[in-house]
Amino acid sequence: MSLHEVFSCTAGKDDAGKRLDIFLVQKFSYLSREKWQNEIHEKNILISGGAREASYIIREKDDIV
C-alpha cells in the first residue's frame with residue numbers, strides 16, 4: 001500500500017525522543033505501524049529531506065514529509 005496524499009509536519013518538543021514509526025502511528029492513526037514501516041522502508045517518508053529507518057529517533061523541529 002502506498003499513500004496517495006502528501007503530508008508535512010514539524011516535530012514538536014513532545015515528539016522528540018520517539019521512534020519515527022511510533023510517531024507516525026500516533027500522529028496519523030489511519031495506517032498501522034506495519035504499513036508505516038513499509039512506507040518508511042520504501043523511502044516515502046523523509047526527515048528534513050533525507051530517508052531514515054523506522055527506528056530513527058525524532059528530534060524537535062524535524063521536518064517530516
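So is PHE7 assigned to a helix (DSSP H, G or I) and among the aromatic types (Phe, Trp, Tyr) or not? Let's see the steps before the verdict.
Working: assigned to a helix (DSSP H, G or I): no; among the aromatic types (Phe, Trp, Tyr): yes.
For PHE7, the condition - assigned to a helix (DSSP H, G or I) and among the aromatic types (Phe, Trp, Tyr) - is not met.
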Take the residues in segment 13-41 that are in a loop (DSSP other than H, G, I, E, B) and modelled with pLDDT of 95 or more, then tell me which one is farthest from VAL65 (Cα to Cα).
GLY17
Could you tell me whether segment 27-34 includes any residue that is buried (at least 16 other Cβ atoms within 10 Å of the Cβ) and under 10 Å from the mean Cα position of the chain (by Cα)?
no
On the given criteria, is SER8 of a type in the set (Ser, Thr, Tyr), modelled with pLDDT under 95, under 11 Å from VAL65 (Cα atoms) and open to solvent by 50 Å² or more (accessible area, probe 1.4 Å)?
yes
Here are the criteria: (1) farther than 20 Å from GLU5 by Cβ; (2) over 11 Å from the mean Cα position of the chain (by Cα). Tell me which single one SER55 does not satisfy.
(2)
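With on the phi < 0 side of the Ramachandran plot and surrounded by fewer than 18 Cβ atoms within 10 Å (Cβ to Cβ) as the only criterion, which of LEU24, LEU46 stands out? I'd like the intermediate steps shown before the answer.
Working: LEU24 fails: surrounded by fewer than 18 Cβ atoms within 10 Å (Cβ to Cβ).
Exactly one of LEU24, LEU46 is on the phi < 0 side of the Ramachandran plot and surrounded by fewer than 18 Cβ atoms within 10 Å (Cβ to Cβ), namely LEU46.
Looking at segment 53-65 only, could you name the residues that are open to solvent by 90 Å² or more (accessible area, probe 1.4 Å) and under 21 Å from GLY12 (Cβ atoms)?
From segment 53-65, those open to solvent by 90 Å² or more (accessible area, probe 1.4 Å) are 53, 59-61; that's our starting set.
Of everything in segment 53-65, those that are open to solvent by 90 Å² or more (accessible area, probe 1.4 Å) and under 21 Å from GLY12 (Cβ atoms) turn out to be ARG59, GLU60, LYS61.
The values are calculated or read from the model by the stated rules, or taken from the named source; none is laboratory data. Because the structure is predicted, anything quoted here is derived from the model rather than measured. Cβ sites come from the backbone with ideal geometry, for glycine too, and all protein chains shown count toward neighbours. Ligands, DNA and RNA are stripped out before the accessible areas are found, and what is left, the full protein with its side chains, is counted by its heavy atoms. Shrake-Rupley method; radii C 1.70, N 1.55, O 1.52, S 1.80 Å.
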